[in-house]
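Colleague: Dumping the structure here so I can ask a few things about it.
The values are calculated or read from the model by the stated rules, or taken from the named source; none is laboratory data. These figures come from a predicted structure and were not determined experimentally. Positions of Cβ are backbone-derived with ideal geometry, glycine not excepted, and every protein chain shown enters the neighbour counts.
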């Protein structure tokens, strides 16, 4: 997990930072669509201490947009359904409000008739009709084109309508109702209207200013300085909350879009990676075997633990005890095995360069690979110039023998065509045998699917004892296909499947017993295929495929024909065919099979096309699936090269459009429509894995960490503003509770704010130092309770300001208390990550308190009693000039005039009692109730939408993360498979040039062979499977050492039965970093010594096992290359390899043998003893030496 305090990455190019990649070459993937500076130049961010708002942001916090106009335009298009839905909600809300206000004024007109109510009723009815018209318009196709214009018209209409009452000198309504309406319109402008921030602020600011001007002109009491200052503060916090809602909504919206883009890109890249992986799997093993192999491949976070476990096991050896690794091996019966060897290969390769030799092998083995697929065989591998395959394994096949025989016959034809194309003189010797095999995988590094058994060995003998140009079969194979072919008898060969007896052998030197086998031997009959029997046919199309020329040969032929013939000369290729001696082979691109030829080998085609360059030879009449694949490959290609253009944004858009029909995913998450809950598993993750979620740990402004900090800051500002207003407006009636709650509330809110800031700066250290506390404070229930308490404190602060002095005050302080309470209710729209129902429920409770208070006659002892006119001698006529003064005040004036002894009341009222809001007698209190109820309805709608939006973002983030993890898994597996085909350092080069070959000088090569493995191997017990398990364990122990730093230049080449082949010095870059130019050769010798130690420890671990390890070592020039098409193989060739092989085969038991030149080179670090001159096939006699030990103090690192 990246440190949360890292800030913005140092990487300057932006991406839809779809942070996982796709290149097979990288260990960390980026499924990213980067933005080159020439195409999308990001604006310089003003607030460098803040992260970018979202992926691909333009850097502007006040006007959050994508840095690509193409993406921004597509976003607007995608979210049109949501824009329509939000605008429709606004219209419906205004319609409900219009209906309620119309109904209210109608009832008031019945009870308290006034001349203004008629105008209000008509205005409400007109507004309701207009809203119905707007609602109808949203259902037409014209809304998409005129949405902003219509929204602007509606906004102007609301701004004007809410201020219409003030055209009257005496509006006969409370300013609280209009203030609530202003608040509602402001929040709607910032939340639901499709405006940019500047338009919303402009309209909102105009509404605030004009409204306050009109109310101040109509109500003298609102012209006081304290009233003006506090109303300005209230509008400031209102607009601040609105701006916060606007920014977070838009950043969340675009972040959600980006995550959908990540998900879609990951899904499509996943298809490509799976395609690549499938071809790589087929290059190593049959698909039917791959599933179980993939299941055993550990995840990255498990590899270290597994490796440590293996190393611990290496250091603790209990005699007779061993813990085996997972093992993939199955026994298959009735399997035919084919071995084929190139006769004359040594002569052919003697005068060829490395590139030419690898090219010839690729051509020949590529032809064989096609034949193998067409004949129903499964290629196993190539060993030098030997090619072998099987049929009936890993999936049973009733015609396995025929498949192998047909494969052999077609190989003979194919090599004849090869000779003709390249002017060579080579031939094939083919042997086929049928029997039982063990098929599976041995080892963990550079492994491949292989077959083992005595029957496999016998098939090899059938090849070596055969004749060039013929298929040599055993009597077992003959039994399966004698009805198909004419045959002639061949010489008998030794049967390697003789019965073995287990004997106990006493070794006097070791003073111990070991287990050995004594076996019986016999011969079997063999046969040569001479032809098919009458009325018998081979596999359709196989002979024609054997005679087909590869594309490269046909291209050369076309060039020759163009050079030899003029435009008017007859052209044999004019009809799309080229005449050959054996068949008419269609020219690709022109004949019947032309289209499929280029696509025949998907794996070899995908590597260069996806990872390097576009295929210019693709035809334009592609199917829809092929076009999709091309889009995928293009996206993946550019994501790996880190290059993005506007064209790439268009390609991304095409993917999103295809995957998100009707764009449902953009605004409708997969959660309950009303309860806003996910399925149980995802809901649990949403609630209880908050701090561990990828969304929480993102370094984006849309991340919950930053969102929580900003929300805490807004809550703190709201509390401070309301506290300041309460202390200014209610100074005359300030209560101790107000002062105490102000101090405690601001202190606690500041602590919450600092805590959220610390989660941004030092989250990791907090999690390490206080895991229990962090688990508690970030838990679902604590966050909800804390959020509700934080949102309730501002309202509580307003309520504790209520006192009898305020209740009976004549300067409209009770009105301001309602203003402040209305603003405090918006605090419940904060904390969008919390449960909307809980916040709305508490908001309703807070609003209900005010409604209850309006019906209570508060502070009844502070009100003046109504004096009776009878007390002054009868009825009194109203005094002139005071007809508009309340009866209470009039009576008081009258009595004070006629009776000087009358005491003044506790408070001299300028207003009538019924004008005081908390007198319980104000007839307009129902107006306040309706205003509060409509505001609470808006709060409920906002909370629902905000939680819905946040859950959508969370859902998209989880989905994108899962898709990227799935993509990463497949990519890792593809890398893993690729590196099991070729060395990691060649992966990048191979992607652009799969015909890789290179000469290397001073390369060390070893063959480490258990020379007595066959003595232990016995198929009488579990078919030999457990013996191969032992071999797998031993080879795996070899391979564990390859990950050690000291052996960085050593790499496994392959295993051949019980022989382990490795080389050092093939990675030129790694060699260049060594201090000593021969360090890689020294390391290889030390590796060989460690192999001896592994075998010694292995023998000590298994009772009565005494494996003998012979190692041959040589150094010199080698040719390295990758050959094959469907089954790729990285291998090395040359005299250096051959001599290393001879060194082990002629060596002494448990010793390392080297030729003289190698001993001289390694002498500074190792001690050798002269052995003798030995005969080496093809080299005559050679002086050889045996390793004694590593010199004391020898170091080369």
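Colleague: Closer than 30 Å to residue 1020 by Cβ and within 44 Å of the chain's Cα centre (by Cα): does that describe residue 438?
Modeller: So residue 438 passes the test.
Colleague: Does residue 308 qualify as being surrounded by fewer than 20 Cβ atoms within 10 Å (Cβ to Cβ) and either at pLDDT below 65 or in the same structural domain as residue 1134 (by TED's automatic domain parsing) (or both)?
Modeller: Taking the combined requirement at face value, the residue satisfies it.
Colleague: Next question. Check region 1060-1075 and report whether any residue there is out of contact with any helix residue (DSSP H, G or I) (no Cβ under 9 Å at 6 or more places or on another chain), buried (at least 19 other Cβ atoms within 10 Å of the Cβ) and part of a helix (DSSP H, G or I).
Modeller: no
Colleague: Filter region 195-209 down to residues that are crowded, with 16+ Cβ neighbours inside 10 Å and part of a helix (DSSP H, G or I), then give me how many there are.
Modeller: 8
Colleague: Kindly state which helices (runs of 4 or more DSSP H) lie completely within region 53-166 and contain at least 2 residues that are exposed (fewer than 14 other Cβ atoms within 10 Å of the Cβ) and within 52 Å of the chain's Cα centre (by Cα).
Modeller: 69-78, 115-137, 143-161
Colleague: Let me ask another. Picking from 765, 702, 712, 758, which residue would you name as being part of a helix (DSSP H, G or I) and within 27 Å of the chain's Cα centre (by Cα)?
Modeller: 765
Colleague: Pick from region 381-403 the residues that are buried (at least 24 other Cβ atoms within 10 Å of the Cβ) and over 22 Å from residue 349 (Cβ atoms): which of them is modelled with the lowest pLDDT?
Modeller: Within region 381-403, the match that is modelled with the lowest pLDDT is 393.
Colleague: Here is a further query. Can you give me the ranges of the strands (runs of 3 or more DSSP E) entirely in region 1084-1197 with at least 2 residues that are within 30 Å of residue 360 (Cβ to Cβ) and either without any contact (Cβ under 8 Å) to a residue 60 or more places away in the chain or out of contact with any helix residue (DSSP H, G or I) (no Cβ under 7 Å at 6 or more places or on another chain) (or both)?
Modeller: In region 1084-1197, the matching strands (runs of 3 or more DSSP E) lie at 1129-1133, 1180-1190.
Here's the yes/no breakdown for (1) modelled with pLDDT of 75 or more; (2) not assigned by TED's automatic domain parsing to the domain that holds residue 1146:
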| site | (1), (2) |
| --- | --- |
| 965 | yes, yes |
| 971 | yes, yes |
| 980 | no, yes |
| 988 | no, yes |
| 1000 | yes, no |
| 1011 | yes, no |
| 1014 | yes, no |
| 1020 | no, no |
| 1023 | no, no |
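Colleague: Give just the number: which of (1) part of a helix (DSSP H, G or I); (2) at pLDDT below 85; (3) surrounded by 15 or more Cβ atoms within 10 Å (Cβ to Cβ) does residue 811 not satisfy?
Modeller: Residue 811 satisfies all of (1) part of a helix (DSSP H, G or I); (2) at pLDDT below 85; (3) surrounded by 15 or more Cβ atoms within 10 Å (Cβ to Cβ) except (1).
Colleague: Right, something else. Are there any pairs with C-beta distances below 8 angstrom linking a residue in region 386-411 that is at positive phi to a residue that is surrounded by fewer than 19 Cβ atoms within 10 Å (Cβ to Cβ) and at pLDDT 90 or above, with the two at least 6 apart or on different chains, and if so which?
Modeller: Taking only residues 6 or more apart or on different chains, the pairs are 392/334.
So that you can scan it fast, the table gives a plain yes or no per residue for (1) at pLDDT 90 or above; (2) farther than 22 Å from residue 845 by Cβ; (3) in contact with a strand residue (DSSP E or B) (Cβ under 8 Å, 6 or more places away or on another chain):
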{"position": "725", "(1), (2), (3)": "yes, yes, no"}
{"position": "733", "(1), (2), (3)": "no, yes, no"}
{"position": "770", "(1), (2), (3)": "no, yes, no"}
{"position": "792", "(1), (2), (3)": "yes, no, no"}
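Colleague: Quick test for you: out of 938, 933, pick the one residue that is touching a helix residue (DSSP H, G or I) at 6+ places or on another chain (Cβ under 7 Å) and at pLDDT 95 or above.
Modeller: Result of the check over 938, 933: 938.
Colleague: Just checking, does region 460-471 include any residue being out of contact with any helix residue (DSSP H, G or I) (no Cβ under 6 Å at 6 or more places or on another chain), at pLDDT 90 or above and surrounded by fewer than 15 Cβ atoms within 10 Å (Cβ to Cβ)?
Modeller: Yes, region 460-471 contains a residue that is out of contact with any helix residue (DSSP H, G or I) (no Cβ under 6 Å at 6 or more places or on another chain), at pLDDT 90 or above and surrounded by fewer than 15 Cβ atoms within 10 Å (Cβ to Cβ).
Colleague: Then there is this: Condition first: surrounded by fewer than 21 Cβ atoms within 10 Å (Cβ to Cβ) and closer than 30 Å to residue 85 by Cβ. Now tell me which residues in region 960-983 satisfy that.
Modeller: 961, 962
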